[in-house]
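S.K.: Next up is a structure, given as structure tokens.
The values are calculated or read from the model by the stated rules, or taken from the named source; none is laboratory data. Here the structure is a predicted model, which is why all the values come from computation and not from measurement. Here the Cβ positions follow ideal geometry from the backbone for every residue, glycine too, while neighbour counts run over all protein chains shown. What goes into the accessible areas is simple: the full protein's heavy atoms, side chains included, and nothing from ligands, DNA or RNA. Shrake-Rupley method; radii C 1.70, N 1.55, O 1.52, S 1.80 Å.
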Amino acid sequence: MTPENRNLIMAVALSMIVLLGWQMLVIQPEMEREAAEQERIAAEMAKSGTATQATGQPSVYAANGTPTIGGSAATPKAVETAKRIVIDAPLVRGSFSVRGARLDDVILTGYKESLDDDSDNIHFLQKTGSDMPFFAEFGWSSSDANQPMPTADSLWSADRDVLAPSSPVTLTWENGQGLTFTRRISINDDYLFIFEDSVTSTLAGDITLYPYGLVRRHGTPATTGMYILHEGPLGVFDETLKEEDYSDLRDAGANGIKVIPETAGGWVGITDKYWLAALLPTQTKGYNFGFQSLAGNSDRYQVDFIDPNGMLLTNGGVVTSESRLFAGAKKVALLDYYADQLKIPNFDLAIDFGWFYFLTKPFFYAINWLFGVFGNFGLAVLGFTVIVKLIFFPLANKSYRSMAKMRLLAPKLQTLRERFGDDRMKLNQEMMALYKAEQVNPAAGCLPVLLQIPVFFALYKVLFVTIEMRHAPFFGWIADLSAPDPTSIFNLFGLLPYSVSFLPPFLQLGVWPILMGISMFLQMRLNPVPPDPIQAKVFQFMPIFFTFLLATFPAGLVIYWTWNNLLSMAQQWFIMKRVARGET
């Protein structure tokens, strides 16, 4: 065995070990740890009774003289006895309590937890009396510690019982010492809540008030555990995306991570894979933003903003503040719309498009447009594949023409190896001379493959992170293009009455991964056969390797690859026939 063959075999073997080992030793244990962590948090909350409200009187100033946000006093579950205002919008339902006026119950009516007919809608923001509270709060901090500010215990009065797009709710609360707080909450037809706060004063003197907003989450949520996707706190400041993992905030402690942008505007929030709760303050002012993990018996995470300069409120005067909260599905067109209409910088970066953003987002819009044409995202992916093939058509033609000539040169190359097999330098010289005489580039077949690698990963991102692909069906058994093929050869694709969920994901070979492997095998049959028999055997195993690898990938991506292989075979077969007939 030559050193080149030995190195090739070692490289392939190591690649398989790394990829399969990653699945078994990293991905699966990470998912198991996430599940165990959720059980631990739920048990701790049930035992200690910390599944309650957890903010109190906003403190006035920190030791450094900076106005601060929120508090840590616990409030009993009895708070749920207060009246709740019903939220009734086209895409959102839920409620919020007049005690505290926190937005803590948001259900997304357009999305379900699973594909089951009886599946519940996504319950995004969770009540402060639930096991894992997740809520948004807006309020004021004060320069006077003796002046009470609205807290989680404050009982507001409301002018109506239902919040709908056509009927905003106005809340009022008086602190009993000369300040009257008014809050007008409205919602549009999507997921945007608008909070218009004002304070009037009958005080003898002046007071400075600092408007703030926060989103707080109790418990560390289960995540996908994939390094290619960020889930957790994030924000854009000075038009630059900043992402923080839950573990980073736990390490940072109660002091958290502060961000003071150099320019006005910005936003901050907490994101899941498909859902986002984001604070959107007025973009014409400057704010201080923060990420922190709060002290307590369980994990609690908070993102917030505050106006560091404050507003001077004089006797008989009024100060106003307007903020927005996005609480819903991360639809690309919707985030782009708000970024444009509200001048929110890079709001679309709430979707983790990744390093290939310049490809991923245009790919999404292309597939989404094709979906409008075909009415099926699977057909849209197939149509997108044809467009990609057309873009690479000239380059692929040149590559396949060179490969066809290489196939015709195979007997001559074999003769050279027999003549100069013991003289590697002479053999290489003769082979280069033959390539030059026949005008063949032996490396031409690699270029289209290399150029399509970014396309592959960008399409993977589109299928993995965009909510438009979530639960998008194809035909037959593919009910979700963003999930792996649910069938498995080890129970005869569902014909045998037992589950194979105990197997590692890469062993659950579905129909489409197998079809992809077959198409890849047939495509390789059209390529020039390596003259070295060991190299030829290694390449024969490549379709098997990729079959197992793609068993864990979204079905939409496997369909794309299979269809791409079929189109490539048709194009390659056509060119081979022309070259064989001596046509150019």
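S.K.: Take Asp307 and decide whether it is in contact (Cβ under 8 Å) with a residue 40 or more places away in the chain, open to solvent by 10 Å² or more (accessible area, probe 1.4 Å) and among the charged types (D, E, K, R).
M.R.: Taking the combined requirement at face value, the residue does not satisfy it.
S.K.: Right, here's the next one. Quick check on segment 123-137. Is at least one of its residues within 30 Å of Ala204 (Cα to Cα) and of a type outside the set (A, V, I, L, M)?
M.R.: yes
S.K.: Considering each residue of segment 470-481, count those that are more than 15 Å from Gly375 (Cβ to Cβ) and in contact (Cβ under 8 Å) with a residue 60 or more places away in the chain, and give that number. Give the steps one after another, and end with the answer.
M.R.: So in segment 470-481, the residues more than 15 Å from Gly375 (Cβ to Cβ) come out as 470-471, 476-480.
When the remaining residues are screened for being in contact (Cβ under 8 Å) with a residue 60 or more places away in the chain, the result is 470-471, 478-480.
Residues meeting the conditions: 5.
S.K.: Among the residues in segment 193-209, are any of a type in the set (A, V, I, L, M, F, W, C), more than 20 Å from Arg160 (Cα to Cα) and not in a strand (DSSP E or B)?
M.R.: yes
S.K.: Moving on. For Gly383, indicate whether it is within 21 Å of Val332 (Cα to Cα), free of Cβ contacts under 8 Å to residues at least 60 places away in the same chain, open to solvent by less than 70 Å² (accessible area, probe 1.4 Å) and in a helix (DSSP H, G or I).
M.R.: In short, yes.
S.K.: Considering only segment 424-432, I want to know if a residue exists there that is in contact with a Leu (Cβ under 6 Å, 6 or more places away or on another chain), modelled with pLDDT under 90 and open to solvent by 50 Å² or more (accessible area, probe 1.4 Å).
M.R.: yes
S.K.: Also, quick follow-up: Pairs under 8 Å by beta carbon, first residue modelled with pLDDT of 85 or more in segment 508-537, partner polar (S, T, N, Q) and assigned to a loop (DSSP other than H, G, I, E, B), six or more apart or different chains?
M.R.: Leu509/Ser488; Gly510/Thr487; Gly510/Ser488; Val511/Thr487
S.K.: Go through segment 280-294 and give me each residue that's of a type outside the set (Ser, Thr, Tyr) and not in a strand (DSSP E or B). Break it down into steps so the answer makes sense when it comes.
M.R.: Step one: of segment 280-294, the residues of a type outside the set (Ser, Thr, Tyr) are 280-281, 283, 285-286, 288-292, 294.
Across segment 280-294, the qualifying residues are Gln283, Lys285, Gly286, Leu294.
S.K.: Next question. Are any residues in segment 361-370 within 16 Å of Ile391 (Cα to Cα) and in contact (Cβ under 8 Å) with a residue 40 or more places away in the chain, and if so, which ones? Steps first, please.
M.R.: Our first condition is that a residue be within 16 Å of Ile391 (Cα to Cα); within segment 361-370, this holds for 362-363, 366-367.
Within segment 361-370, Phe363, Ile367 meet the criteria.
S.K.: Quick check, is Leu408 among the aliphatic types (A, V, I, L, M), part of a helix (DSSP H, G or I) and over 30 Å from Leu334 (Cβ atoms)?
M.R.: Yes, satisfied.
S.K.: Examine segment 407-426 for a residue that is touching a residue at least 60 places away in the same chain (Cβ under 8 Å) and under 30 Å from Thr466 (Cβ atoms), and state whether such a residue exists.
M.R.: Checking segment 407-426: not a single residue is touching a residue at least 60 places away in the same chain (Cβ under 8 Å) and under 30 Å from Thr466 (Cβ atoms).
S.K.: With respect to Thr415, determine if the residue is touching a strand residue (DSSP E or B) at 6+ places or on another chain (Cβ under 9 Å), surrounded by fewer than 16 Cβ atoms within 10 Å (Cβ to Cβ) and not hydrophobic (A, V, I, L, M, F, W, C).
M.R.: The answer is no for Thr415.
S.K.: Here's a check for you: in segment 225-246, which residue that is open to solvent by 40 Å² or more (accessible area, probe 1.4 Å), of a type outside the set (Asp, Glu) and assigned to a loop (DSSP other than H, G, I, E, B) is nearest to Gly129 (Cα to Cα)? Step through it out loud before you land on a result.
M.R.: Narrowing segment 225-246 to residues open to solvent by 40 Å² or more (accessible area, probe 1.4 Å): 226-227, 238-243, 245.
In the following step, the residues that additionally are of a type outside the set (Asp, Glu) were identified as 226-227, 240-242.
Subset that is assigned to a loop (DSSP other than H, G, I, E, B): 226-227.
On the way: Met226: 31, Tyr227: 32 Å.
Looking at residues that are open to solvent by 40 Å² or more (accessible area, probe 1.4 Å), of a type outside the set (Asp, Glu) and assigned to a loop (DSSP other than H, G, I, E, B), I get Met226.
S.K.: Something else about it: State all residues of segment 190-221 that are within 20 Å of Leu155 (Cα to Cα), buried (at least 17 other Cβ atoms within 10 Å of the Cβ), under 42 Å from the mean Cα position of the chain (by Cα) and among the small types (Gly, Ala, Ser); if no residue qualifies, say none.
M.R.: Gly213
S.K.: Follow-up. Can you name the number of the only condition in (1) open to solvent by 30 Å² or more (accessible area, probe 1.4 Å); (2) over 20 Å from Leu379 (Cβ atoms); (3) assigned to a loop (DSSP other than H, G, I, E, B) that Phe539 fails?
M.R.: (3)
S.K.: Still on this model: Testing Asn297 on (1) open to solvent by less than 10 Å² (accessible area, probe 1.4 Å); (2) assigned to a loop (DSSP other than H, G, I, E, B), one condition comes back false. Which one is that?
M.R.: Evaluating Asn297 over (1) open to solvent by less than 10 Å² (accessible area, probe 1.4 Å); (2) assigned to a loop (DSSP other than H, G, I, E, B) leaves (1) as the failure.
S.K.: Okay, next question. Check Gly176 against each of (1) farther than 29 Å from Val92 by Cα; (2) in contact with a strand residue (DSSP E or B) (Cβ under 6 Å, 6 or more places away or on another chain) and name the one condition it does not meet.
M.R.: Evaluating Gly176 over (1) farther than 29 Å from Val92 by Cα; (2) in contact with a strand residue (DSSP E or B) (Cβ under 6 Å, 6 or more places away or on another chain) leaves (2) as the failure.
Quick grid of which residues meet (1) among the charged types (D, E, K, R); (2) part of a helix (DSSP H, G or I); (3) under 29 Å from Ala458 (Cα atoms); (4) open to solvent by less than 70 Å² (accessible area, probe 1.4 Å):
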| site | (1), (2), (3), (4) |
| --- | --- |
| Ala483 | no, no, yes, yes |
| Pro486 | no, no, yes, no |
| Tyr498 | no, no, no, no |
| Leu503 | no, no, yes, yes |
| Met524 | no, yes, yes, yes |
